[in-house]
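These notes are about the structure you will find just below.
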Amino acid sequence: MLRFTRFRYLRYQRLLLILLLSGTFLCLTGCGEHIADPDPTSFELKTLSREKLADSSTSHRSSGVSSVSKRYNITILTQYEKIDFDYLKLTGGKTSGVKGILATSLKKGQTLRLDCASKVDAGNLGLIVLAPDRKILHQFALNQADSFQFTAEAAGIYFVRMGAESFSGEIELTRTIR
């Protein structure tokens, strides 16, 4: 009887250790805070600067965001392949931080047209087009449809980045490559 009780004790002890480690891991990976919206009367970014949007590092937190995407033209076969879309729609949830949401690899002389429609329900949002040399080519207008077309002066990967401060709403992007 003593051996059976000891075996049970060790089993429960292992189970408790696994639950404790799992809970700790979940807290460490999911406890980041969203960036507070200091001015709810405006949808423009307050905490994140244009320089931060163009920086080489990105960090974001999202919860409950739904996405729909379509990919007809494959332009990238690297780490950015997962955001190489011809159509992207993000809705709902809450997002904070800087995130690349669309990437396109262009050769010198190729033309890219981006059509963007956004609707901000809460928080702040910034959407930019970023060249391979980290130069901001365009900032999309918020709460309306906006388009931007350019011819690549240099070969490389061009990004659409979003900067968000507790953003909730909708973003719809379509790209056309010529």
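Filtered by the rule that a residue be in a loop (DSSP other than H, G, I, E, B) and closer than 20 Å to His138 by Cβ, segment 77-100 gives Asp84, Phe85, Asp86.
Does Ala103 fit the bill of being surrounded by 18 or more Cβ atoms within 10 Å (Cβ to Cβ), without any contact (Cβ under 8 Å) to a residue 60 or more places away in the chain, assigned to a strand (DSSP E or B) and of a type in the set (A, V, I, L, M)? It is true that Ala103 is surrounded by 18 or more Cβ atoms within 10 Å (Cβ to Cβ), without any contact (Cβ under 8 Å) to a residue 60 or more places away in the chain, assigned to a strand (DSSP E or B) and of a type in the set (A, V, I, L, M). Of the residues making up segment 160-178, those that are at negative phi, open to solvent by less than 40 Å² (accessible area, probe 1.4 Å) and out of contact with any helix residue (DSSP H, G or I) (no Cβ under 8 Å at 6 or more places or on another chain) are Val160, Met162, Ala164, Glu165, Phe167, Ser168, Ile171, Leu173, Arg175.
Scanning segment 106-117 for residues that are buried (at least 16 other Cβ atoms within 10 Å of the Cβ) and not in a strand (DSSP E or B) yields a single hit, Gln110. When Ala122 is tested against the conditions (1) within 24 Å of Arg71 (Cα to Cα); (2) in contact with a Pro (Cβ under 8 Å, 6 or more places away or on another chain); (3) open to solvent by 20 Å² or more (accessible area, probe 1.4 Å), the lone failure is (1). Scanning segment 66-92 for residues that are buried (at least 16 other Cβ atoms within 10 Å of the Cβ) and farther than 21 Å from Ser147 by Cβ yields one hit, Tyr80. In segment 166-176 there is no residue matching the filter, namely being of a type in the set (Phe, Trp, Tyr) and free of Cβ contacts under 8 Å to residues at least 40 places away in the same chain.
For segment 125-156, filtered to residues that are farther than 19 Å from Lys52 by Cβ and within 19 Å of the chain's Cα centre (by Cα), the residue that is most open to solvent (accessible area, probe 1.4 Å) is Asn143. Among the residues of segment 35-58, just one is open to solvent by 90 Å² or more (accessible area, probe 1.4 Å), free of Cβ contacts under 8 Å to residues at least 60 places away in the same chain and under 18 Å from Lys99 (Cβ atoms), namely Glu51. Screening Gln110 on (1) polar (S, T, N, Q); (2) more than 17 Å from the chain's Cα centre (by Cα); (3) modelled with pLDDT under 90 shows it passes everything except condition (3). Filtered by the rule that a residue be under 19 Å from Leu53 (Cβ atoms) and in contact with a Gly (Cβ under 8 Å, 6 or more places away or on another chain), segment 111-123 gives Ser118, Val120, Gly123. Checked against (1) in contact with a strand residue (DSSP E or B) (Cβ under 9 Å, 6 or more places away or on another chain); (2) of a type outside the set (Asp, Glu); (3) not in a strand (DSSP E or B), Gly123 passes all but a single condition, namely (3).
The values are calculated or read from the model by the stated rules, or taken from the named source; none is laboratory data. Note that the structure is predicted; figures quoted are calculated from it, not measured. All Cβ positions, even for glycine, are placed from backbone atoms using ideal geometry, and neighbour counts span all protein chains on display. Remember, those area values only see protein heavy atoms, side chains included, never the ligands or the DNA or RNA. Shrake-Rupley method; radii C 1.70, N 1.55, O 1.52, S 1.80 Å.
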